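Working notes, beginning with the structure itself.
The values are calculated or read from the model by the stated rules, or taken from the named source; none is laboratory data. Please read all numbers here as calculations on a predicted model, not as lab measurements. Cβ placement follows ideal geometry from the backbone for every residue including glycine, while neighbour counts extend to all protein chains displayed.
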Amino acid sequence: MEGMRLFSRQSIVNHRDRAALDLKNSSFLFSEVAKQLVERLDEIKRQFPTMLELGCRSGQISTLLDPEKKIETIIQADLSYLMAKNALRTGNPTLVCDEEYLPFRQKSFDAVLSNLSLHWVNDLPGTFSQICHVLKPDGLFLASMFGIGTLFELQDSLANAEKITNRVISPRISPLADIKDIGQLLLRVGFKIPVLDNEKITVRYSSPIKLMHDLRSMGETNALIKRQSSFMRRDILAAGLKHYLDVYGDNFGRVPATFQIITLVAWSPGPDQPKPLKPGHPSVNLADFLNS
């Protein structure tokens with residue numbers, strides 16, 4: 001989708017690098033959704049000897065996996081060098097990798113997982129297609145993404161503030177995909193029997209400012225190419241905070257922040273289950289999975 005790039009990948013790297021330095025305060029939402037994703041994996045009564053995790057952040061998913069799944073190899077990948085460096089502590093092979101340009105050979109993995117990372121991809125059909133190609137026949141694609149409606153309270157408040165003060169609304173919140181569109185994209189690139197669901201997670205914050213600080217710590221601030229490069233004017237920020245409190249706040253001054261979590265399960269084409277790798281491999285050669 002050349003010419004239709006919405007997000008600055010370098011900005012995403014910068015944001016995620018910053019989040020990697022403060023994992024204690026930036027991982028709570030990712031940790032919660034990671035647990036749910038692994039629970040979904042546990043419901044699938046199959047083994048996945050080789051697995052790829054895209055957007056691995058600190059590598060938490062690998063620490064949650066059930067040993068009974070008998071995963072012999074899990075390759076972790078993240079766009080951020082500092083995140084990938086953190087993930088190395090799990091002991092799994094890890095590399096810096098852009099989800100838009102996967103370097104892996106076709107039919108390399110029994111499963112591909114991704115937790116709250118793919119919403120930053122510019123060419124989602126292209127990335128889905130690449131994931132389908134690196135999966136073995138009848139391979140699993142299991143992922144979570146932020147969906148449309150995420151942070152609608154913040155988006156409404158900032159838009160209202162700019163309408164009052166500027167009369168021009170700037171893109172402050174990154175656009176997100178709709179669950180129906182994601183399902184159609186999966187089918188379009190060749191995935192079979194996709195199953196998607198949407199869950200709303202509401203987090204309560206002591207103030208709108210605390211929410212904005214947390215988004216920064218999480219690496220989830222605006223990465224639009226056409227975003228405003230200057231800081232938000234104080235009068236716009238003040239008006240936005242007031243609207244947030246007046247419209248959405250409770251009697252104690254706390255405010256909700258809604259996160260719409262889309263979970264998808266899909267399978268690469270193939271009539272048969274992939275054959276397990278032979279047990280007892282003493283080591284993993286990352287080059288076996290990469291294009292030469």
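Things to note:
- Of everything in the stretch 133-147 that is surrounded by fewer than 22 Cβ atoms within 10 Å (Cβ to Cβ) and touching a Pro at 6+ places or on another chain (Cβ under 8 Å), the residue that is nearest to Asp42 (Cα to Cα) is Asp138.
- Any hit, the stretch 175-194, residues being small (Gly, Ala, Ser), modelled with pLDDT of 95 or more, surrounded by fewer than 17 Cβ atoms within 10 Å (Cβ to Cβ) and closer than 21 Å to Ala266 by Cα: yes
- The stretch 179-224, residues that are aliphatic (A, V, I, L, M), assigned to a helix (DSSP H, G or I) and under 23 Å from Asp22 (Cβ atoms): Ile209, Leu211, Met212, Leu215, Met218
- Pairs linking a residue in the stretch 182-207 that is farther than 27 Å from Phe152 by Cα and without any contact (Cβ under 8 Å) to a residue 24 or more places away in the chain to a residue that is in a strand (DSSP E or B) and of a type outside the set (Phe, Trp, Tyr), with Cβ atoms under 9 Å and 6 or more positions apart or on different chains, are Leu187/Pro194; Leu187/Ala266.
- Inspection of the stretch 81-90 finds no residue satisfying the criterion of being surrounded by fewer than 17 Cβ atoms within 10 Å (Cβ to Cβ) and over 23 Å from Ser217 (Cα atoms).
- Restricting the first member to the stretch 14-30 and to residues that are on the phi > 0 side of the Ramachandran plot, and the second to residues that are buried (at least 22 other Cβ atoms within 10 Å of the Cβ), no beta-carbon pair is closer than 9 Å while six or more apart or on different chains.
- The residue that is modelled with the highest pLDDT, counting only those in the stretch 18-55 that are of a type in the set (Ser, Thr, Tyr) and either under 16 Å from Asn198 (Cα atoms) or not in a helix (DSSP H, G or I) (or both), is Thr50.
- Residue satisfying condition, being closer than 27 Å to Leu21 by Cβ, at pLDDT 95 or above and either part of a helix (DSSP H, G or I) or of a type in the set (Lys, Arg) (or both), within set Lys85, Lys107: Lys85
- Hey, Asp138 more than 30 Å from Lys192 (Cβ to Cβ) and not β-branched (Val, Ile, Thr) or not: no
- Scanning the stretch 72-82 for residues that are closer than 21 Å to Leu118 by Cβ and either assigned to a loop (DSSP other than H, G, I, E, B) or not acidic (Asp, Glu) (or both) yields Ile74, Ile75, Gln76, Ala77, Leu79, Ser80, Tyr81, Leu82.
- Entry remark, the stretch 268-286: residues being under 16 Å from Lys107 (Cβ atoms), surrounded by fewer than 19 Cβ atoms within 10 Å (Cβ to Cβ) and at pLDDT 65 or above number 3 in total.
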